[in-house]
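Chemist: Before anything else, here's the structure in question.
The values are calculated or read from the model by the stated rules, or taken from the named source; none is laboratory data. Because the structure is a prediction, the values reported are computed rather than measured. Counting neighbours? That spans all protein chains shown, and the Cβs are built from the backbone with ideal geometry, glycine included. Just so you know, the surface numbers come from the protein's heavy atoms only, side chains and all, with ligands and any DNA or RNA stripped out. Shrake-Rupley method; radii C 1.70, N 1.55, O 1.52, S 1.80 Å.
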Amino acid sequence: MEATRPVWALDPLEGVGPLRFGMRAEDVASALPDAHEPGRFEAEPHWPEILGIRFGFRPALPAVYAYFDGTGRLFCAAADAAHGPQVVLDGLELTGRPPALLQDAVHDLPWPEGSGVRYGPRGNPAVPAVGLVLRVQQTTGGVLTRPVLVGRGRADRCADDSEGRVPQCEWLGRQWPYPDCPAVLPPPDHEPVWPRGWRPPF
């Protein structure tokens with residue numbers, strides 16, 4: 001894990017740090033002048049127009065995953081658990097934390113009445129009111145949190161990995177620890193056949 005991280009404030013449903021939902025890829029690159037671009041990838045097996053771009057603060061170490069819709073506009077971003085920026089919401093650090101500690105802390109935030117933490121079909125917690133999904137990632141320091149953020153038009157049901165609008169690649173891999181839910185998706189004994197021969201990019 002990085003000894004120091006840039007700190008990015010979450011502006012609910014509008015953006016995070018220097019990134020604003022609705023930006024084009026060249027605008028994101030301009031907003032991250034010190035970042036490298038380790039690569040682009042197809043983020044969705046069913047929607048080939050969804051483009052994913054990795055940005056890193058050090059060569060070959062992705063820190064931010066930016067997702068663009070069919071019109072080329074940023075609609076989702078995720079911070080790498082090991083090398084990504086420290087995303088902060090109301091003083092709470094969301095990146096690179098043990099999931100059990102962060103889950104308790106998120107529940108304790110003073111959410112407006114009628115909003116708060118929701119859980120998806122596989123136990124991933126989310127707060128649709130601010131466009132936040134909490135995922136985990138396997139790192140050399142263990143399983144740590146990876147915040148996934150979406151804009152206003154994508155926040156509804158953002159916890160739902162089957163009907164929500166977070167890119168498919170973000171739901172795969174290590175899963176949030178939750179009773180009776182798999183630790184890894186897809187399970188090791190199941191090799192799904194993806195449309196068009198798609199392969200998960202990470």
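Chemist: When the residues of segment 42-52 are narrowed to those that are in a strand (DSSP E or B) and within 23 Å of Arg152 (Cβ to Cβ), which ends up least open to solvent (accessible area, probe 1.4 Å)? Outline the logic, then answer.
Modeler: Kept after step one, since they are in a strand (DSSP E or B), are these residues of segment 42-52: 42, 51-52.
Of the ones still in play, those that are also within 23 Å of Arg152 (Cβ to Cβ) are 51-52.
Values: Leu51: 54, Gly52: 0 Å².
For segment 42-52, the residue satisfying everything is Gly52.
Chemist: A follow-up question, please. I need a count of the residues in segment 157-201 that are within 12 Å of Glu44 (Cα to Cα), open to solvent by 50 Å² or more (accessible area, probe 1.4 Å) and modelled with pLDDT of 90 or more. Please lay out each step first, then the result.
Modeler: Kept after step one, since they are within 12 Å of Glu44 (Cα to Cα), are these residues of segment 157-201: 165-172, 194-201.
Those still in the list that are open to solvent by 50 Å² or more (accessible area, probe 1.4 Å) too: 165, 196-197, 199-200.
Retained after the next criterion (residues that are modelled with pLDDT of 90 or more): 196-197, 199-200.
The number of residues fulfilling the criteria is 4.
Chemist: All but one of (1) open to solvent by 50 Å² or more (accessible area, probe 1.4 Å); (2) outside any helix (DSSP H, G or I); (3) charged (D, E, K, R); (4) touching a residue at least 24 places away in the same chain (Cβ under 8 Å) hold for Glu113; state the number of the condition that does not hold.
Modeler: Condition (4) is where Glu113 drops out.
Conditions tested, residue by residue: (1) surrounded by fewer than 19 Cβ atoms within 10 Å (Cβ to Cβ); (2) in contact with a strand residue (DSSP E or B) (Cβ under 6 Å, 6 or more places away or on another chain).
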| residue | (1), (2) |
| --- | --- |
| Asp11 | yes, no |
| Gly17 | no, yes |
| Arg20 | yes, no |
| Glu26 | yes, no |
| Leu32 | no, yes |
| Arg40 | yes, yes |
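Chemist: Follow-up. Can you find a residue that is modelled with pLDDT of 95 or more, within 18 Å of Leu185 (Cα to Cα) and charged (D, E, K, R) anywhere in segment 125-144?
Modeler: Within segment 125-144, one or more residues are modelled with pLDDT of 95 or more, within 18 Å of Leu185 (Cα to Cα) and charged (D, E, K, R).
Chemist: I'm checking my understanding of the structure. Among residues of segment 131-156 that are touching a residue at least 60 places away in the same chain (Cβ under 8 Å) and basic (Lys, Arg), which one is surrounded by the fewest Cβ atoms within 10 Å (Cβ to Cβ)? Walk me through it before giving the result.
Modeler: Of the residues in segment 131-156, the ones touching a residue at least 60 places away in the same chain (Cβ under 8 Å) are 131-132, 139-141, 144-155.
If we keep only those that are basic (Lys, Arg) too, we end up with 146, 152, 154.
Details: Arg146: 28, Arg152: 13, Arg154: 20.
Out of the qualifying residues, it is Arg152.
Chemist: Of everything in segment 53-105 that's polar (S, T, N, Q) and assigned to a loop (DSSP other than H, G, I, E, B), which residue is nearest to the chain's Cα centre (by Cα)?
Modeler: We begin by selecting, within segment 53-105, every residue polar (S, T, N, Q); these are 71, 86, 95, 103.
Still in the running and assigned to a loop (DSSP other than H, G, I, E, B): 71, 95.
Values: Thr71: 20, Thr95: 10 Å.
Filtering segment 53-105 for residues that are polar (S, T, N, Q) and assigned to a loop (DSSP other than H, G, I, E, B), the one nearest to the chain's Cα centre (by Cα) comes out as Thr95.
Chemist: Next up: For segment 68-96, give me each residue that is among the charged types (D, E, K, R) and surrounded by fewer than 23 Cβ atoms within 10 Å (Cβ to Cβ).
Modeler: First, the residues of segment 68-96 that are among the charged types (D, E, K, R): 69, 73, 80, 90, 93.
Those that are among the charged types (D, E, K, R) and surrounded by fewer than 23 Cβ atoms within 10 Å (Cβ to Cβ): Asp69, Arg73, Asp90, Glu93.
Chemist: Among the residues of segment 60-104, write down those that are of a type in the set (Asp, Glu) and free of Cβ contacts under 8 Å to residues at least 60 places away in the same chain.
Modeler: Answer for segment 60-104, where residues must be of a type in the set (Asp, Glu) and free of Cβ contacts under 8 Å to residues at least 60 places away in the same chain: Asp69, Asp90, Glu93, Asp104.
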